[in-house]
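Take a look at the structure below.
Bear in mind that the values in this text are calculations on the coordinates, not laboratory data. Quantities reported herein were computed from a predicted structural model and do not represent experimental measurements. Because the Cβ atoms are built from the backbone with ideal geometry, glycine has one as well, and the counts that use them run over all protein chains shown.
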Amino acid sequence: MHTYLVNEIFHSLQGEGLWSGTPMVFLRFSLCNLRCPFCDTDFSSGDKMTAEEILSKVRQVGGDTRRVCMTGGEPSLQIDSSLVDAFHREGYAIHIETNGTRKLPDGIDWITVSPKRDWQQKAQVVLERADELKLVYTGPPQDPSQWLSFNADSFLLQPCSMQNTSEVVSYVLSHPRWRLSLQTHKYLDIR
């Protein structure tokens, strides 16, 4: 029976992007194909779980919440059509937060690409489209404008830390195709 390496499953509010403030169950996968200097996730440990075990835990922690955000690490290393189909059969909408370096199975309801090419040369985005592109911004010489040709419905710029928030606000004010994304869960001190 196929298993997935899962770091944690928990219920909270989406803290960033266009769905900020929305109740979701977070399915955080272990493993990542990149090592970004600002990453705040321990993606090396986890539990092997079948799709049914994952769904059972999601039902247990999420109650009536019908949105699941698959994140990581890098979820594209593990998710497959079987898992996507299992969630859809149970009536869940699937969101994914990915670095975009690997193809995704069909059927994902909301795709957030957070490119990491500025920190990892091997982090070439292979996905051709996303609902939102969310770029972590550390400041110059990083050039967000290089991403405006990517096929996304929305472009979000997110501070790398609370310390560069005013710099990101200034950038967004002078480049109005971008929207500000904050990690509100950190400001509110919620999981």
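Worth a mention:
- Counting only DSSP beta bridges with both residues in the chain, the antiparallel share comes to about 30 percent.
- Using 0.36 nm per residue and subtracting the Cα-Cα separation, the extra length available between residue 66 and residue 164 on full extension is 31.9 nm.
- Computed [θ] at 222 nm, helices only, for the chain once each DSSP H run of length n ≥ 4 contributes -39500 (n - 2.57): -5500 deg cm²/dmol
- Karplus-derived 3J(HN,Hα), 6.51/-1.76/1.60, for each residue of segment 58-66, Hz, glycine and proline x: 4, 4, 4, 7, x, x, 7, 5, 10
- Taking the chain as the region of interest, the number of lysine pairs whose Cα atoms are within less than 24 Å, with members eight or more places apart or on different chains, is 9.
- Taking amide H atoms as placed 1.01 Å from N in the peptide plane, the amide H of residue 100 lies under 5 Å from those of 114, each 5 or more residues away in sequence or on another chain.
- Spin-label pair residue 126/residue 149, simplified geometry with 7 Å Cα→Cβ offset, distance in nm: 2.1 nm
- Once the mean of 1/r is taken over each pair of separate Cα atoms and inverted, the chain shows a Kirkwood hydrodynamic radius of 17.1 Å.
- Hypothetical label at residue 109: residues of segment 54-71 whose amide nitrogen lies under 16 Å (7 Å Cα-Cβ projection): 55, 58-59, 62-71
- Annotation for residue 1 and residue 50: the two label points, set 7 Å from Cα along the Cα-Cβ direction, are 0.1 nm apart.
- Between residue 33 and residue 190, the modelled labels are 3.3 nm apart [label points 7 Å from Cα along Cα→Cβ].
- For segment 4-188, the relative contact order is 18 percent, taking Cα pairs closer than 8 Å that sit 6 or more residues apart in sequence and dividing their mean separation by the residue count.
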